[in-house]
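A.B. asks: Input: one structure, supplied below.
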Amino acid sequence: MKYRVNKKRNGVNKKELYYAQPVWSGLVGTREIAHQLAARSTLSPADIRATLIGLVEVMENYLHLGYSVKLDDLGVFRLSLTSDGYEEADDCTPHRVRAGKLCFRADTQLKKNLKNVKFERAGDN
């Protein structure tokens with residue numbers, strides 16, 4: 001993975017320091033992933049794409065029902081929620097609560113494999 005070095009102001013002591021920032025190689029979409037998976041299996045790219053679309057729909061349903069969704073070897077997805085603060089508990093009604101973020105916690109082995117990432121400094125701007 002390539003990175004570049006940029007100067008940023010440190011929030012603690014307001015000193016400008018240099019930090020590594022990723023240089024993204026691009027975006028890989030469902031079609032490319034489906035073709036890669038099809039090459040490793042007996043399924044067609046269309047079968048895999050249909051499965052991935054179905055996976056998203058099923059996950060969304062479970063997340064809306066308050067479940068965390070664990071995909072083995074990948075990690076756990078869950079919704080966070082938020083609301084404004086109220087002086088009385090009764091004022092925190094359902095229509096005042098909203099979904100915050102979709103949170104992801106990587107599987108332990110997936111995190112361990114991050115130690116194997118090789119880094120290369122990209123050309124400076």
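The values are calculated or read from the model by the stated rules, or taken from the named source; none is laboratory data. Since we're looking at a predicted model, the values are computed, not measured. FYI the Cβ positions are ideal-geometry reconstructions off the backbone, even for glycines, and counts take in every protein chain you see.
A.B. asks: Determine if region 51-72 includes at least one residue that is at pLDDT 95 or above and touching a Pro at 6+ places or on another chain (Cβ under 6 Å).
C.D. replies: Among the residues of region 51-72, not one is at pLDDT 95 or above and touching a Pro at 6+ places or on another chain (Cβ under 6 Å), which makes the answer no.
A.B. asks: Residues of region 1-55 being over 26 Å from residue 114 (Cβ atoms) and assigned to a loop (DSSP other than H, G, I, E, B), which ones?
C.D. replies: Selection gives 13, 14, 15, 42, 43, 44.
A.B. asks: Does region 59-67 contain at least one residue that is in a strand (DSSP E or B) and of a type outside the set (A, V, I, L, M, F, W, C)?
C.D. replies: The answer is no; no qualifying residue exists.
A.B. asks: Just to verify a result, which residue in region 86-102, among those that are in contact (Cβ under 8 Å) with a residue 12 or more places away in the chain and loosely packed, with under 12 Cβ neighbours inside 10 Å, is farthest from residue 60 (Cα to Cα)?
C.D. replies: Once the filter is applied, the top-ranked residue is 96.
A.B. asks: Suppose we filter region 79-111 for residues that are in a helix (DSSP H, G or I) and within 14 Å of the chain's Cα centre (by Cα); how many remain?
C.D. replies: Selection size over region 79-111: 2.
A.B. asks: Based on what the data block shows, is residue 36 surrounded by 10 or more Cβ atoms within 10 Å (Cβ to Cβ), out of contact with any helix residue (DSSP H, G or I) (no Cβ under 7 Å at 6 or more places or on another chain), within 18 Å of residue 55 (Cα to Cα) and among the polar types (S, T, N, Q)?
C.D. replies: Spelling it out, residue 36 is indeed surrounded by 10 or more Cβ atoms within 10 Å (Cβ to Cβ), out of contact with any helix residue (DSSP H, G or I) (no Cβ under 7 Å at 6 or more places or on another chain), within 18 Å of residue 55 (Cα to Cα) and among the polar types (S, T, N, Q).
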